[in-house]
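Peer 1: If you scroll down you'll find the structure; I have some questions about it.
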Amino acid sequence: MLQIAQLSAAARGGVGVLRAVSLSVAAGEVHGLVGTSGAGKSMIGRAVLGILPDAVRITAGRIRFDGRDLLGLSPSARRQAGRDLALIPQDPLSALNPSRRIAAQMTDVLRHRLGLSAAAAQARALEMLHEVRIREPDNVLRRYPHELSGGMRQRVLIATAFACRPKLIVADEPTTALDVTVQKQILRLIRDLQRSHATAVLFVTHDLGVVAKICGSVSVLRGGEIVEQAPVADIINHPAHAYTRALFAATPRYDRPPP
Amino acid sequence: MAEAGRRLLRNWRVVLGGALVLAVLLAALLAPVLAPYDPLDQDLSAQLAPPDWHFGADAHALGTDSLGRDVLSRLIWGSRIAVTVAVVAGVLTALLGTALGLLAGFFGGRADALISRLVDIWSSFPPVLLAIILVALLGTGLRSVIVAIVVIDWTRFCRVVRAETLKQRRMDYIDAAVAAGLGPRAILWREVLPNILPLALVLLTLEAGIAVVVEAILSFVGLSISSDAPSWGGMIAEGRGVVHEAPWLLSCAMLVLLATVLGFNLLGDGLKAELDPVLR
Ligand SMILES: Nc1ncnc2c1ncn2[C@@H]1O[C@H](COP(=O)(O)OP(=O)(O)OP(=O)(O)O)[C@@H](O)[C@H]1O
Ligand SMILES: [Mg+2]
């Protein structure tokens, strides 16, 4: 489904952000990306989605998705290929447009990606809000983002992501900004939807506890480089790299929300 | 929406400013009904008559000017010119400045460099001087005044809208829209513009006040509409000449002008305070 080969990226001024990163995600699989802050996890996700910051350039490597070389496509072909990709972001507040109602934001994406009529998009949005277990979905559709709780916003974004029936979702620390109790629900929700829709997920997180719950395989990242890559059971039972063991030792700290 | 409306009505600046602006709008709209006299009618037997509050067919509530024209009627008809300039010049300035600011902020690169340079050069001219030169070149009249205001003041919008667009462009929801495959035009119209509109509305309100003042200044120096036609600036100019014999002329015209500008400014400031926390 997704193959990243020898991907390198540099920030302006030549600072290396990613160094020869290779990983692949099979259809329907959840692949974890772990590492401390600044390791380059989000940059990998952004490179796949085509939303790297202006200051960061890809210097080498390839990203193949669903048989196409994403980096070689023209902007419009790239947008076309992007229809099979979706993002579940870290901060659900800033990922929603503050001045538009939820309905407008969801149906825009659905109409654009699935070519639905306004009424069909509305129906699909409603159906997906049910599926992410939002009570009173009609009511939520009429709201502005600031009128919803963090957990609700994230459910809306998860609903939007899955509503487009993508083949791969990049989930960039989707629970970090949420309360601990909500974190568990959101995590379970993503796992359930991923299974029922058979969607592949590139799951970015600091938290090896989360990895154990949801991922099939993991890449451990440090300073833009992959130091270890293995099925999740192997990583948990016999972490090969000292850095991975250090991450494990530090894991309990990430169970708490940041101060 | 109804809730937002109620919030606005709890802000005293919005209420007071809105009331002042509304009063001027109504005066302009209903001038033929409200004005007791024809604003051009001269009564040479009642030159510089002082304000007179008795009720009767020949009463001049705010006195008359040196040609015996009724001051109240001229003030009411003068609001038509003020409102025309405020609305037309305000809206045109807003459209031009907002469009260029959006382009510069959203697309960046060469468009941004060009527009920003233009703004810098433009803003280095003293605006009133530029307005006088422009009107002198274009010929006097209301249309020239409006053109001058637009040509000079678009930078005010452009600067602010550009900065806000840059800020919006860095927000995650823009990335989400790009990742969702929306093209730049759809993102500009549907994602960025709705976040710029409240700001543009605030600026438009403030600009309307500025336009009223600029028109008055140009009338004052005789560069706007002909001196017969009732305009506040023209009345101030005339009133200055006879300030000792007929102080009401100058003071009434000044007061009306001040109240109008104050109204637009209060409304703009109030809207700014109210729209910001809801949307950000
Ligand atoms: N806009 C940017 N311009 C230049 N360099 C950037 C930019 N954003 C991030 N970087 C660099 O890229 C590196 C990787 O950042 P990235 O956001 O991928 O880290 P991360 O692993 O997602 O960390 P976190 O857990 O904090 O989200 C950082 O060290 C940073 O120096
Ligand atoms: Mg990150």
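The values are calculated or read from the model by the stated rules, or taken from the named source; none is laboratory data. In this text, all values refer to a predicted model and were calculated from it rather than measured experimentally. Cβ atoms come from the backbone with ideal geometry, glycine included; neighbour counts cover every protein chain shown. Remember, those area values only see protein heavy atoms, side chains included, never the ligands or the DNA or RNA. Shrake-Rupley method; radii C 1.70, N 1.55, O 1.52, S 1.80 Å.
Peer 1: Tell me whether segment A:58-66 contains one or more residues that are crowded, with 17+ Cβ neighbours inside 10 Å and assigned to a loop (DSSP other than H, G, I, E, B).
Peer 2: Checking segment A:58-66: not a single residue is crowded, with 17+ Cβ neighbours inside 10 Å and assigned to a loop (DSSP other than H, G, I, E, B).
Peer 1: Show the residue pairs that are 6+ apart or on different chains and have beta-carbon atoms under 7 Å apart, the first residue being within segment B:137-166 and closer than 14 Å to B:Val212 by Cα, the second being open to solvent by 20 Å² or more (accessible area, probe 1.4 Å) and not in a helix (DSSP H, G or I).
Peer 2: Pairs that qualify, where the first residue is closer than 14 Å to B:Val212 by Cα and the partner is open to solvent by 20 Å² or more (accessible area, probe 1.4 Å) and not in a helix (DSSP H, G or I), are B:Leu142/B:Ile225.
Peer 1: If you don't mind, another one. Inspect segment B:179-197 for any residue being open to solvent by 30 Å² or more (accessible area, probe 1.4 Å), more than 12 Å from chain A (Cβ to nearest Cβ) and more than 27 Å from A:Ala161 (Cβ to Cβ) and give the result as yes or no.
Peer 2: No, there is no match, as no residue in segment B:179-197 is open to solvent by 30 Å² or more (accessible area, probe 1.4 Å), more than 12 Å from chain A (Cβ to nearest Cβ) and more than 27 Å from A:Ala161 (Cβ to Cβ).
Peer 1: Hey, A:Glu127 hits all of (1) assigned to a helix (DSSP H, G or I); (2) under 30 Å from B:Leu199 (Cα atoms); (3) among the acidic types (Asp, Glu) but one; which does it fall short on?
Peer 2: (2)
Peer 1: Mind listing just one residue for me: the one in segment B:207-223 that is open to solvent by 40 Å² or more (accessible area, probe 1.4 Å) and under 10 Å from the mean Cα position of the chain (by Cα) and, of those, farthest from the other protein chains (Cβ to nearest Cβ)?
Peer 2: This residue is B:Val213.
Peer 1: Here's something else I'd like to know. Provide a single number: the residues in segment B:146-178 that are outside any helix (DSSP H, G or I) and within 8 Å of another protein chain (Cβ to nearest Cβ).
Peer 2: Of the residues in that region, 1 qualify.
Peer 1: Something else about it: Considering each of B:Leu118, B:Leu103, B:Leu129, B:Leu137 in turn, give the residue that is within 23 Å of B:Val202 (Cα to Cα) and open to solvent by 50 Å² or more (accessible area, probe 1.4 Å).
Peer 2: Exactly one of B:Leu118, B:Leu103, B:Leu129, B:Leu137 is within 23 Å of B:Val202 (Cα to Cα) and open to solvent by 50 Å² or more (accessible area, probe 1.4 Å), namely B:Leu103.
Peer 1: Right, here's the next one. Going residue by residue through segment B:244-253, is there one that turns out to be closer than 19 Å to B:Val161 by Cβ and in contact (Cβ under 8 Å) with a residue 12 or more places away in the chain?
Peer 2: No: segment B:244-253 contains no residue that is closer than 19 Å to B:Val161 by Cβ and in contact (Cβ under 8 Å) with a residue 12 or more places away in the chain.
Peer 1: Here's a follow-up. Condition first: open to solvent by 10 Å² or more (accessible area, probe 1.4 Å), within 11 Å of chain B (Cβ to nearest Cβ) and under 17 Å from A:Ile214 (Cα atoms). Now tell me which residues in segment A:160-178 satisfy that.
Peer 2: A:Asp172
For every residue, the table says whether it meets (1) away from every other protein chain (no Cβ under 14 Å); (2) within 16 Å of ligand 2 (Cβ to nearest atom); (3) closer than 21 Å to A:Gln3 by Cα.
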residue	(1), (2), (3)
A:Arg133	yes, no, no
A:Val140	yes, no, no
A:Arg143	no, no, no
A:Ile158	no, no, no
A:Ser219	yes, yes, yes
A:Gly224	yes, yes, yes
A:Asn237	yes, no, no
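Peer 1: Considering (1) open to solvent by less than 30 Å² (accessible area, probe 1.4 Å); (2) away from every other protein chain (no Cβ under 12 Å), say which one B:Val243 fails and leave the rest.
Peer 2: Result: B:Val243 fails condition (1) only.
Peer 1: Based on this model, can you work out whether A:Ala39 counts as away from every other protein chain (no Cβ under 11 Å), modelled with pLDDT of 90 or more, within 26 Å of A:Leu187 (Cβ to Cβ) and within 16 Å of ligand 2 (Cβ to nearest atom)?
Peer 2: Numbers: away from every other protein chain (no Cβ under 11 Å): yes; modelled with pLDDT of 90 or more: yes; within 26 Å of A:Leu187 (Cβ to Cβ): yes; within 16 Å of ligand 2 (Cβ to nearest atom): yes.
Taking the combined requirement at face value, the residue satisfies it.
Peer 1: Okay, moving on. Which of the residues belonging to segment A:70-104 are of a type outside the set (A, V, I, L, M), open to solvent by 50 Å² or more (accessible area, probe 1.4 Å) and more than 16 Å from ligand 2 (Cβ to nearest atom)? It would help to see each step written out before you state the result.
Peer 2: Pass one, segment A:70-104, residues of a type outside the set (A, V, I, L, M): A:72, A:74-76, A:78-80, A:82-84, A:89-92, A:94, A:97-101.
Next cut, open to solvent by 50 Å² or more (accessible area, probe 1.4 Å) only: A:72, A:74-76, A:79-80, A:83, A:90-91, A:101.
If the condition is that a residue be of a type outside the set (A, V, I, L, M), open to solvent by 50 Å² or more (accessible area, probe 1.4 Å) and more than 16 Å from ligand 2 (Cβ to nearest atom), then A:Gly72, A:Ser74, A:Pro75, A:Ser76, A:Arg79, A:Gln80, A:Arg83, A:Arg101 are the ones that fit.
Peer 1: Let me ask something else about it. Restricting the search to segment A:224-237, which residues are of a type in the set (Gly, Ala, Ser) and at pLDDT 90 or above?
Peer 2: Result: A:Gly224, single match.
Peer 1: Considering only segment A:79-89, I want to know if a residue exists there that is assigned to a loop (DSSP other than H, G, I, E, B), touching a residue at least 40 places away in the same chain (Cβ under 8 Å) and within 10 Å of chain B (Cβ to nearest Cβ).
Peer 2: yes
Peer 1: Looking at (1) assigned to a loop (DSSP other than H, G, I, E, B); (2) polar (S, T, N, Q); (3) in contact (Cβ under 8 Å) with a residue 24 or more places away in the chain, which is the only condition B:Ser45 fails?
Peer 2: The number of the failed condition is (3).
Peer 1: Restricting attention to segment A:200-208, does a residue exist that is open to solvent by less than 10 Å² (accessible area, probe 1.4 Å), of a type in the set (A, V, I, L, M, F, W, C) and out of contact with any strand residue (DSSP E or B) (no Cβ under 8 Å at 6 or more places or on another chain)?
Peer 2: no
Peer 1: Could you please find all residues in segment A:133-156 being open to solvent by less than 20 Å² (accessible area, probe 1.4 Å) and hydrophobic (A, V, I, L, M, F, W, C)? Quick ask: steps written out before the conclusion?
Peer 2: In the first step, residues of segment A:133-156 are kept if they are open to solvent by less than 20 Å² (accessible area, probe 1.4 Å); the result is A:134, A:137, A:140-141, A:145, A:148, A:151, A:154, A:156.
A:Ile134, A:Val140, A:Leu141, A:Leu148, A:Val156 - these are the residues of segment A:133-156 that are open to solvent by less than 20 Å² (accessible area, probe 1.4 Å) and hydrophobic (A, V, I, L, M, F, W, C).
Peer 1: Might you check whether a residue that is within 17 Å of the chain's Cα centre (by Cα) and either part of a helix (DSSP H, G or I) or surrounded by 15 or more Cβ atoms within 10 Å (Cβ to Cβ) (or both) occurs anywhere in segment B:59-73?
Peer 2: Within segment B:59-73 (the criterion being within 17 Å of the chain's Cα centre (by Cα) and either part of a helix (DSSP H, G or I) or surrounded by 15 or more Cβ atoms within 10 Å (Cβ to Cβ) (or both)), the answer is no, since none of the residues qualifies.
Peer 1: If A:Ala55 satisfies all but one of (1) within 16 Å of ligand 2 (Cβ to nearest atom); (2) modelled with pLDDT of 95 or more, what's the number of the condition it fails?
Peer 2: Answer for A:Ala55: the failing condition is (2).
Peer 1: Checking the structure you have, find out if any residue of segment A:114-127 is within 23 Å of A:His197 (Cα to Cα), within 12 Å of chain B (Cβ to nearest Cβ), surrounded by 23 or more Cβ atoms within 10 Å (Cβ to Cβ) and modelled with pLDDT of 90 or more.
Peer 2: Among the residues of segment A:114-127, not one is within 23 Å of A:His197 (Cα to Cα), within 12 Å of chain B (Cβ to nearest Cβ), surrounded by 23 or more Cβ atoms within 10 Å (Cβ to Cβ) and modelled with pLDDT of 90 or more, which makes the answer no.
Peer 1: Any idea how many residues of segment A:145-156 are among the charged types (D, E, K, R) and either within 12 Å of chain B (Cβ to nearest Cβ) or without any contact (Cβ under 8 Å) to a residue 24 or more places away in the chain (or both)?
Peer 2: 2
Peer 1: If I filter segment A:220-234 for residues that are over 15 Å from the mean Cα position of the chain (by Cα), over 18 Å from A:Gly45 (Cβ atoms) and open to solvent by 60 Å² or more (accessible area, probe 1.4 Å), do I get at least one hit?
Peer 2: yes
The rows are residues; the columns are (1) at pLDDT 90 or above; (2) touching a helix residue (DSSP H, G or I) at 6+ places or on another chain (Cβ under 8 Å); (3) more than 14 Å from every other protein chain (Cβ to nearest Cβ); (4) not in a helix (DSSP H, G or I).
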position: B:Gly234; (1), (2), (3), (4): no, yes, yes, no
position: B:Leu250; (1), (2), (3), (4): yes, yes, yes, no
position: B:Leu258; (1), (2), (3), (4): yes, no, yes, no
position: B:Gly263; (1), (2), (3), (4): yes, yes, yes, no
position: B:Gly270; (1), (2), (3), (4): yes, yes, yes, no
